[in-house]
Amino acid sequence: MLVSPHVDDAVLSCTALVERAEPIEIVTVFAGAPDPPRQGWWDADCGFSSSAESVRARRREEEAAFAGTSHERSYLDLLELQYVDGRTDAERAAIAAAIRDWVSEHPTGTVALPAGAGCSQRRMARWRRRLARDSCSPPQHPDHLLVRDVGLTALRPADATPLLYEEVPYLWGARAEPEAGRAAARGGWRAEALEVNVDRRLKAERIAAYASQVPHISPDHGRLDEESTLPVHERYWRLVRNSSTSA
């Protein structure tokens with residue numbers, strides 16, 4: 001199971017998983033549309049007139065990005081950061097339920113979650129200033145941290161294996177290794193690093209499907225739909241339970 005906070009995160013960060021022949025289940029968490037529609041700040045930055053336009057367009061981009069794969073994809077109707085002022089217990093419960101439901105059918109499976117790459121900046125109110133290009137850019141995304149923390153809490157009593165992945169483009173703010181280690185320790189795991197070669201040309205082609213997003217999330221040194229911009233590896237951390245920790 002690959003838990004993607006937003007519609008582009010699975011391809012941006014986990015092409016090594018997406019390109020596997022073995023089907024995986026991809027659950028996108030913040031894929032809902034506000035009712036009534038409204039224009040969020042990210043919608044405005046990307047040139048969308050309202051959420052009604054942006055949600056449809058980004059879902060089409062997602063379908064194009066996954067062309068040729070056999071992975072099952074599902075979407076939760078939670079709202080992304082631009083549409084909310086804070087997070088609720090009901091949202092946390094919905095994320096945890098989706099993970100627990102999958103684990104109940106695949107008790108020894110693997111659940112991939114965002115690691116929390118990016119420079120530390122946890123307050124949601126400060127996230128709006130992420131494009132200032134100051135000493136903290138890009139910052140950690142609060143939606144990613146929420147998905148990670150709720151997911152790991154849900155997995156703590158289970159036999160399934162948590163797998164943390166380093167997120168693009170946030171890794172250019174700060175690499176995720178320290179965050180992965182801290183998150184693992186809080187749950188009684190240790191983090192085993194995995195570095196996986198990726199086909200950068202193929203990854204860039206898939207990322208190009210997100211035409212509305214690429215100009216706004218690319219780093220200073222190049223566009224994410226250009227092969228030369230992308231790291232040659234994707235980094236993951238398999239969380240292994242410490243022998244002294246009870247399940």
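So here's what we get for this one:
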item	result
Condition check for GLU195: over 30 Å from PHE48 (Cβ atoms), surrounded by 17 or more Cβ atoms within 10 Å (Cβ to Cβ) and under 18 Å from the mean Cα position of the chain (by Cα)	no
Criterion (part of a helix (DSSP H, G or I) and touching a residue at least 40 places away in the same chain (Cβ under 8 Å)) met by exactly one of ALA16, ALA52	ALA16
Residue that is in contact with a Gly (Cβ under 8 Å, 6 or more places away or on another chain) and either assigned to a strand (DSSP E or B) or more than 26 Å from GLU205 (Cβ to Cβ) (or both), where the choices are ALA112, ALA96, ALA44, ALA117	ALA96
The stretch 86-118, subset in contact (Cβ under 8 Å) with a residue 12 or more places away in the chain and closer than 25 Å to PRO37 by Cα, residue surrounded by the most Cβ atoms within 10 Å (Cβ to Cβ)	ILE95
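Every residue, every condition in (1) in contact with a Gly (Cβ under 7 Å, 6 or more places away or on another chain); (2) acidic (Asp, Glu); (3) free of Cβ contacts under 8 Å to residues at least 40 places away in the same chain; (4) assigned to a loop (DSSP other than H, G, I, E, B), yes or no:
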{"residue": "ALA184", "(1), (2), (3), (4)": "no, no, no, no"}
{"residue": "ARG190", "(1), (2), (3), (4)": "no, no, no, no"}
{"residue": "LEU194", "(1), (2), (3), (4)": "no, no, no, no"}
{"residue": "LEU202", "(1), (2), (3), (4)": "no, no, no, no"}
{"residue": "ALA211", "(1), (2), (3), (4)": "no, no, no, yes"}
{"residue": "HIS216", "(1), (2), (3), (4)": "no, no, no, no"}
{"residue": "PRO219", "(1), (2), (3), (4)": "no, no, no, yes"}
{"residue": "GLY222", "(1), (2), (3), (4)": "no, no, yes, yes"}
{"residue": "SER228", "(1), (2), (3), (4)": "yes, no, yes, no"}
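Every number here is computed from the coordinates shown, using simple stated rules; none is lab data. Just so we're clear, the structure is a prediction, and the values are computed from it rather than from any experiment. As a convention, Cβ positions derive from the backbone with ideal geometry for all residues, glycine included, and neighbour counts pool all protein chains shown.
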